[in-house]
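Chemist: First the structure, then my questions, so here it is.
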Amino acid sequence: MRVRFPSPWPKGFMIYQNIVLGIDSKTNLEELLLQGVKQFYIGYIPISWKNKYHSQQSLNRRYLQKEQIYNLNELENIYNTIKNSNGKLYLTLNAPFSNNEMFYYTKNLLDETKHILFDSYIAGNIATLELLKERNLPITLSTTLGIYSSISTSFFIKRFNPKRVVLPRDMMFSE
């Protein structure tokens, strides 16, 4: 589903500057950037994974094929467009678990994209978090981790020093 914002925006209207939007190859990125959206997350899957697993299992909790980028050049172009507009791009690696096969592909994905300086990597399992920490990459903790208490928040902050913690959607403000 495409989000359409009213246009033109009133001068200085920046309500969307703190929204982090999921994007794909069909997203009208230029329009969103013009409207003040500056933070995006994206799913990238190596073509070898797609050829083997299709969308049966995802490395990043984006399960529809249309939600993924499979081409490294396309990913680089999206990254450059966002960076040229002083935006931020986060790479999703937030599968709720990681078996040996997934971990192998995640490591290769990080090797393949190491020249792209993502603002953060959204991680959703301990194995991926440890890998990101080992490589000294910026971390965002995903809702997939189910961080519901200050004790678990403290654990993850001390262990992984994330740039951002995304709390579960069903958590109440009072909690």
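The values are calculated or read from the model by the stated rules, or taken from the named source; none is laboratory data. Just so you know, these numbers come straight off a predicted model, no measurement behind them. Glycine also receives a Cβ, built like all others from the backbone with ideal geometry; neighbour counts cover every protein chain displayed. We work out accessible area using only protein heavy atoms, side chains counted, and drop any ligands, DNA or RNA first. Shrake-Rupley method; radii C 1.70, N 1.55, O 1.52, S 1.80 Å.
Chemist: Apply the Karplus parameterisation 6.51 cos²θ - 1.76 cosθ + 1.60, with θ equal to phi minus 60°, to every residue of the range 21-26 and state each ³J(HN,Hα) to the nearest whole Hz, in sequence, with x for glycine and proline.
Modeler: 9, x, 10, 9, 5, 9
Chemist: Here is a follow-up. Diagonalise the Cα gyration tensor of the range 61-154 and give the resulting equivalent ellipsoid semi-axes, square root of 5 times each eigenvalue, largest first, whole Å.
Modeler: On the way: eigenvalues 104, 53, 36 Å².
With the √(5λ) rule applied to the range 61-154, the semi-axes are 23, 16, 13 Å.
Chemist: Rounded, prolate or oblate: pick one for the chain, where a ≥ b ≥ c are the square roots of the eigenvalues of its C-alpha gyration tensor, a/c under 1.5 means rounded, and failing that, prolate if a/b is larger than b/c, else oblate.
Modeler: It comes out oblate by the Cα gyration axes.
Chemist: Note the full-extension length gain between I151 and E130 as 0.36 nm times their separation in residues minus their Cα-Cα distance, in nm to one decimal.
Modeler: Gain in length upon complete extension: 5.6 nm.
Chemist: Which value, in debye to the nearest 20, describes the size of the charge dipole of the chain about its Cα centre when Lys and Arg Cβ atoms bear +1, Asp and Glu Cβ atoms bear -1, and nothing else is charged?
Modeler: Using Cβ point charges on Lys, Arg, Asp and Glu, the chain gives about 220 debye.
Chemist: Determine the sum of side-chain charges near F156: Lys and Arg each +1, Asp and Glu each -1, restricted to other residues whose C-beta is under 13 angstrom from that of F156.
Modeler: For residues surrounding F156, the net value is +4.
Chemist: Could you grab the relative contact order for the range 60-171? Cα pairs under 8 Å, six or more apart, rounded to a whole percent.
Modeler: The normalised contact order for the range 60-171 reaches 22 percent.
Chemist: Right, here's the next one. Distance check, please: which entries in K50/K158; K66/K158; K52/K158; K50/K88 exceed 31 angstrom between their Cα atoms?
Modeler: Beyond 31 Å between Cα atoms: K50/K158; K66/K158; K52/K158.
Chemist: Another question, then. In nm, to one decimal, how far is the K107 label point from the D170 one, both placed 7 Å along Cα→Cβ?
Modeler: Distance between the two pseudo-spin positions: 3.5 nm.
Chemist: F97: accessible area at probe 1.4 Å, nearest 10 Å²?
Modeler: So the heavy atoms of F97 present about 100 Å² to solvent.
Chemist: Now for a separate question. Return the lysines within reach of K83: Cα separation strictly under 18 angstrom, same-chain partners fewer than 8 residues apart disregarded; answer none if there are no such residues.
Modeler: Cα-Cα hits under 18 Å: K38, K114.
Chemist: I need the fraction of alpha carbon pairs in the range 81-120 separated by more than 17 Å, rounded to a whole percent.
Modeler: For the range 81-120, the fraction of Cα-Cα distances above 17 Å is 41 percent.
Chemist: Another question about this same structure. Using helices alone, what [θ] at 222 nm do you get for the chain, with -39,500 (n - 2.57) per DSSP H run of 4 or more residues, divided over all residues and rounded to the nearest 500? Don't skip to the end; give the middle numbers.
Modeler: Details: 6 runs with 59 residues, N = 175.
Computed mean residue ellipticity for the chain: -10000 deg cm²/dmol.
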